[in-house]
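The values are calculated or read from the model by the stated rules, or taken from the named source; none is laboratory data. These numbers come from a predicted model, not from an experiment. Every residue, glycine among them, receives a Cβ derived from its backbone with ideal geometry; neighbour counts consider all protein chains shown.
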Amino acid sequence: MNVFTWDNFDEEFIISVVYSEKTQKELRPKRKINDKNMLIPTMDRIAPYPTKEFVIKYREEIETGVLKKYPEITEKVYERVSNSHSSNYLSMISELSTKPLGTTMVSSYITALSEIGSGESLFEYQSKYNNPISIDLRKSIYNEIPLYDFQEDAIDKLYESIITNNEERGLLVMPTGERVIIVMGAICVIKSRVSGTFNKYISCTA
């Protein structure tokens, strides 16, 4: 594996980070230097490699100084974060910049920076599920999760069965790969909001 280096980034991005107001004052050079090679040591002091803290602090610089100049990497980030494709490069940049900086977003930005800095293709070796998070379904709103048409159909049918018709049992049949867990999660939320508790008899067999 190649070693990460800020040398692989262009001068504009390096300067924007080094002289950012977000950079500690003691780390910023006292006079303006436009020579990237002279600023690399400062970048290494700010962050020797991309970290969660670096991404959170310099998100704007990353989006304007890196993603806009690497369409292919931006597409990889967008696909991982949004779980969808887009052919509109500017639209992807705009949408990414408005998304909350959650775990998947931070991880994707770190991978993007690491890929540029090392010169290696890293996205294909890393899963977007590397950093799983716990979700409290009682506080979740199921319709905030983008669903495929077949998932919406399954939820509508089960909603009608469980909520409208007040049936105690239902059979959901979906092929492997259609993300049954997401559908069942939505059903658990629906059921809990009506009855005040989870239905302990709901189960899912994959």
Looking for whichever is hydrophobic (A, V, I, L, M, F, W, C), more than 20 Å from ASN2 (Cα to Cα) and free of Cβ contacts under 8 Å to residues at least 60 places away in the same chain here; the options are LEU67, LEU122. Which one fits?
-> LEU67
Here is a list of conditions, (1) in contact with an Asp or Glu (Cβ under 7 Å, 6 or more places away or on another chain); (2) of a type in the set (A, V, I, L, M, F, W, C); (3) within 14 Å of PRO71 (Cα to Cα), and ILE116 meets all of them except one; can you say which number that is?
-> (1)
Residue by residue through the stretch 32-48, note down the ones that are among the aliphatic types (A, V, I, L, M) and more than 15 Å from TYR58 (Cβ to Cβ).
-> ILE33, MET38, ILE40
Flagged in the stretch 74-97 as touching a Phe, Trp or Tyr at 6+ places or on another chain (Cβ under 8 Å), at pLDDT 90 or above and not charged (D, E, K, R), in numbering order, are THR74, VAL77, MET92, LEU96
Does SER114 satisfy the criteria of being closer than 30 Å to TYR148 by Cα and in a helix (DSSP H, G or I)?
-> no
Can you tell me which residue in the stretch 24-48 is modelled with the lowest pLDDT, limited to those that are of a type in the set (S, T, N, Q) and either within 22 Å of LYS68 (Cα to Cα) or surrounded by fewer than 15 Cβ atoms within 10 Å (Cβ to Cβ) (or both)?
-> ASN34
Wholly inside the stretch 21-100, helices (runs of 4 or more DSSP H) that include 3 or more residues that are over 19 Å from LEU122 (Cβ atoms) are 36-46, 52-57, 59-65, 89-98
Within the stretch 160-180, count every residue that is modelled with pLDDT of 75 or more and of a type outside the set (S, T, N, Q).
-> 1
Can you tell me which residue in the stretch 1-17 is surrounded by the fewest Cβ atoms within 10 Å (Cβ to Cβ), limited to those that are over 15 Å from THR64 (Cβ atoms) and β-branched (Val, Ile, Thr)?
-> VAL3
Quick one: which residue in GLN126, GLN151 is closer than 18 Å to ASN83 by Cβ, modelled with pLDDT of 60 or more and more than 15 Å from the chain's Cα centre (by Cα)?
-> GLN151
